[in-house]
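We did not get these values from a lab; they are worked out from the coordinates using the rules stated. Because the structure is predicted, anything quoted here is derived from the model rather than measured. Backbone-built Cβ (ideal geometry, glycine too); neighbour counts: all protein chains shown.
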Amino acid sequence: MFKFIKNIFRFFWRTLNFIRALIVNLFLLVMVILVIVALGNIDSEPQITPPAGALVLNLNGQIVEQTQRINPIAEFSNEVLGNSVEKEIDLYSVVQAIDAARVDSNITGIVLGLDALPRTSQTKLSIIGEALERFKDSGKPIISYADYYDQHQYYLASFADTVLLNPKGAVLMRGMNSRQLFFKDAIDKLELNTHIFRVGTHKSFVEPYIRNDMSIEAKQDLAHWMDQLWQTYLDTVSANRGIAQQQLMPKAKQLIAALKTVDGDGARYAEKYGLVDQLTTRSQAKQLLIDTFGESEDGGYQSQDFSEYLSNLPGPSNAPDKVALLIAQGAIVGGRGQDQVIAADTVLEQLNQALEDEDVKALVVRVDSPGGSAFASELIREKLGQFQDKGIPVVVSMGSVAASGGYWISSTADQIFASPTTITGSIGIFGMFATIENALAKLGISSDGYATGPLAEISPFQALPDEVAEIIQLNIEHGYHDFVSLVSNGRAIPMADMDDIAEGRIWTGQDALENGLVDQLGDLNAAIDYAVSLAELNAYQLDKLEVPMSPRERFIAELFDSKFSQALASHLPQWTLLQQIKQQAPSLEQFNDPMGQYSFCAVCEGLQ
C-alpha cells in the first residue's frame, strides 16, 4: 500500500517537473525567436532621422554613477506583483546626451522634465548643471516645466533660460539639514555593554551608541561642510536666476511677510520674486513648447527622449590604446557582489582583467563611497598600486562622496580629482560590538564554561576581558597609523601635518584641495583627460570595466540591449516597462571586515 502511494506521488512529481521544464524551455524558445526577429528588423529597417526638435531630459529616476545590472526574472516578478523599483539613470549618459546635443543641428533646444527627479547629491546635480551651461553656448533654448519644484529639482531648473511653473504649484526652498538618532539611553535601559575602539576625536560614527547627542567636534565638522554646500547652492542658483540670495532664500519672517502680499499663493510668490518666469497650466506649457519647437504628428511638440537619443549616437572609438574606467560606488565590503557595494573580490577580478590587457595604458577610478571594511579597502588600493608598478598611471575621480575607506583606496593614486562639493577625508578607523551579559542576567540567564585563555573568551554572552579590549585597541591604532602613513606618502604631506587633517575630520573637495588631500578640482571627464596626458596617448578608447558575466547572464544582458529592446517592444507586451524597472541587488553585509576594522563615514553615506 505504502509503495503504491509512493509511486503515485512520484508520478505526479515527475509530471509537474516535466510541465515546468516544458514551460521554461518554450519561454526560452520564444525569446530566441523574438531576438532573431528583432535582429532581422534592425537589419532590414532603414534608420530614419527624426525631425528637428528638442532633447527631453525626463530625469525620472535616481542619478547614479553606474546603473545596476538588469535581472529580467525579477523584473517580471515585480511587474506581476505590482512592485515598483526606482529607476536609475547613469549620470554621464545624461552629460553625454547634453554635450552631443550642443553640436547637433537636429536638436533645437532642451526641455527639462524634473517633476519625478528624486533627491540627488549636489555634486551630481552640479555636473549636469555644468553640461547645461556648456549647452547654452550653442544659443539654443533650455525650457523647464514642473507642477512643483523641490529644492534639488529647482537647482537644475535654474540653468534654464525659461522656468515655467503650474499656477497651483510652488518652489519649495528649505535649506539643508542632517540629523542622527542617538541610542545611549536605550542601550543603558536594555543593559547592553557597547565596546568602542577608535582613533580620531572627529570619527563620529560610533557616537550614537555612546552619547545622547552630537559631540562639539562632530557638530563643528557637520556645520563646516554643510554650510559650504548650502552657500555653493545659493551662489549658483542666485547667479543663474539673476536675483539676490536674500530674495532666493529670505529669513522666515521676511518670507511670511512676502507670502501675505500674494495671499499665501506659492506660485504667485515664485513669479513675483523671480524664482520662475511664467505660470502656465500643463496645456499652456504644451502650447508654448509647440510654438518653440514645432508640432509633432501626435499633437505634441517635436522632441526626442534622451535615452533614445543616446542609442542613436555613434559608437566609441576603436583606437587600439585603452583607458580603463572602474566605477567604484557604494560601501566597501569583502567578498563578491555586483551592485550597490564595492565588493573587493569582484573589483579585484575587474582590475586583473585590465592589468592583463596590454592595450590598457591608463586607469581612471571613479570613487563614490562612504567607506567600509579597512581590509577590503587596502586590497583594492594595493591592486591599484600594481598598475603603477607596471608604469600605468592611476587617476582617481571623486564623486559625491569619497570618505574614509573611499579615501583609503584613492590615497596613493598619481592624481586625485574632486568636485568642490565632494565630501571626502574622514581619515580614521573604528571597531565596535556589544555584549549582553547584563541583559541576560536580568532575565536570570548566565553563561559559564572553560577556555584555554582570555583570547578564547570573546563572546556576546559574557563580559569582554580587559586584555582582549587592549589588544583590539592596539590593533585599531596600528590600522590608523597605516592609514595616515599611506595618505602622508601618497599625497606628500608631512606626518607632522596629518593630525590637523586626519582624526576623522570631514572635508569638502574645496577644503581638500587646500590641505593637499586632492590635487585638482574637476569632474570625471577632466580626470580622463589628465590620464590620457599622463599616458601620452593621441587616440584612445574608453574601456568601462564591467563585472564578469556568465554566458547565461551575458545572453540575458544582450536581450536588454537598447537596440534589441527597441525592436522587441513592438513584439512583446510590457517589454519597455520591464526594461525601465530596476531590480535592487541582493543586500550584502556592509560590516564584514575579518579584523573588525572599519573606515566608514555614516553622515556621508546619504550624500551619494
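Lysines within cross-link reach of residue 140: Cα-Cα under 30 Å, excluding same-chain residues under 8 positions apart?
Partners within reach: 87, 124, 168, 272, 286, 563.
Using Cα pairs under 8 angstrom and six or more residues apart, how large is the relative contact order of the range 192-298, in percent?
12 percent
Among 252, 238, 280, pick out the residue whose Cα is farthest towards the positive end of the charge dipole of the range 235-282, where Lys and Arg carry +1 and Asp and Glu carry -1 on C-beta, about the Cα centre.
It is 252, whose Cα lies furthest towards the positive end.
May I have the pair-distance distribution P(r) for the range 150-292, computed from all Cα-Cα distances with 5 Å bins from 0 and rounded to whole percent?
2, 8, 14, 15, 12, 10, 8, 8, 8, 6, 5, 3, 1, 0
Under 8 Å for C-alpha pairs, at least 6 residues apart: give me the relative contact order for the range 258-346, rounded to a whole percent.
For the range 258-346, the relative contact order is 11 percent.
Assuming 0.36 nm per residue, please report the length gained on full extension of the stretch residue 261 to residue 223 beyond their Cα-Cα distance.
Result for the pair: 10.3 nm of gain on full extension.
At 7 Å along the Cα-to-beta-carbon direction for both residue 308 and residue 168, put a label point, then send me their distance in nm to one decimal.
2.9 nm
Hey, rough spin-label estimate for residue 284 and residue 191, points 7 angstrom out along Cα→Cβ, what's it come to in nanometres?
6.8 nm
Go through 108-116, 460-468 and give me the packing order, highest mean Cβ count within 10 Å leading.
Taking the mean over residues of other Cβ atoms within 10 Å, the ranking is 108-116, 460-468.
Using alpha carbon centroids, what distance separates the range 391-445 and the range 305-354, in Å?
When both Cα centres are located, 22 Å separates them.
Give me Rg/Rg_expected for the range 95-200, where Rg uses Cα atoms only and Rg_expected = 2.2 N^0.38 Å with N residues.
Ratio of Cα Rg to 2.2 N^0.38 Å: 1.66.
For every other residue with a beta carbon closer than 15 angstrom to the beta carbon of residue 244, add +1 if it is Lys or Arg and -1 if Asp or Glu, then tell me the sum.
Local net charge: +2.
Which value, in debye to the nearest 20, describes the size of the charge dipole of the range 358-457 about its Cα centre when Lys and Arg Cβ atoms bear +1, Asp and Glu Cβ atoms bear -1, and nothing else is charged?
Here the size comes out at about 260 debye.
Among the lysines, which have Cα under 16 Å from the Cα of residue 253 when same-chain residues fewer than 8 positions away are ignored?
none
State whether the range 214-360 is rounded, prolate or oblate according to the following rule on the C-alpha gyration tensor (a ≥ b ≥ c being the square roots of its eigenvalues): a/c under 1.5 gives rounded; otherwise a/b larger than b/c gives prolate, and the remaining case gives oblate.
Oblate shape, in that a/c is at least 1.5 and b/c is the bigger or equal ratio.
Which value in Å does the Kirkwood hydrodynamic radius of the range 343-404 take, with 1/r averaged over all unlike C-alpha pairs and then inverted?
Value: 12.2 Å, from the Cα pair sum.
Which peptide among 257-264, 508-515 comes first, and what is the full order, when sorted by highest mean count of other Cβ atoms within 10 Å?
Taking the mean over residues of other Cβ atoms within 10 Å, the ranking is 508-515, 257-264.
Quick one: work out Rg over Rh on the C-alpha atoms of the range 285-333, Rh as Kirkwood radius.
Dividing the radius of gyration by the Kirkwood radius yields 1.29.
If you take every DSSP beta bridge fully contained in the range 385-515, what fraction is antiparallel? Give it as a percent rounded to 5.
Bridges in the range 385-515 that DSSP calls antiparallel: roughly 35 percent.
Treating cross-link reach as a plain straight distance, find the lysines whose alpha-carbon is under 16 Å from the alpha-carbon of residue 544, omitting any fewer than eight places away in the same chain.
322, 361
According to the square roots a ≥ b ≥ c of the eigenvalues of the Cα gyration tensor, what is the shape class of the range 420-471, taking rounded for a/c under 1.5, prolate for a/b larger than b/c otherwise, and oblate for the remainder?
Oblate, since a/c reaches 1.5 and b/c is not below a/b.
Given q = 0.12 Å⁻¹, what are the Debye log10 I(q)/I(0) values for the range 359-490, with equal point scatterers placed on the Cα positions and solvent ignored?
Debye intensities relative to I(0), on a log10 scale: -0.62.
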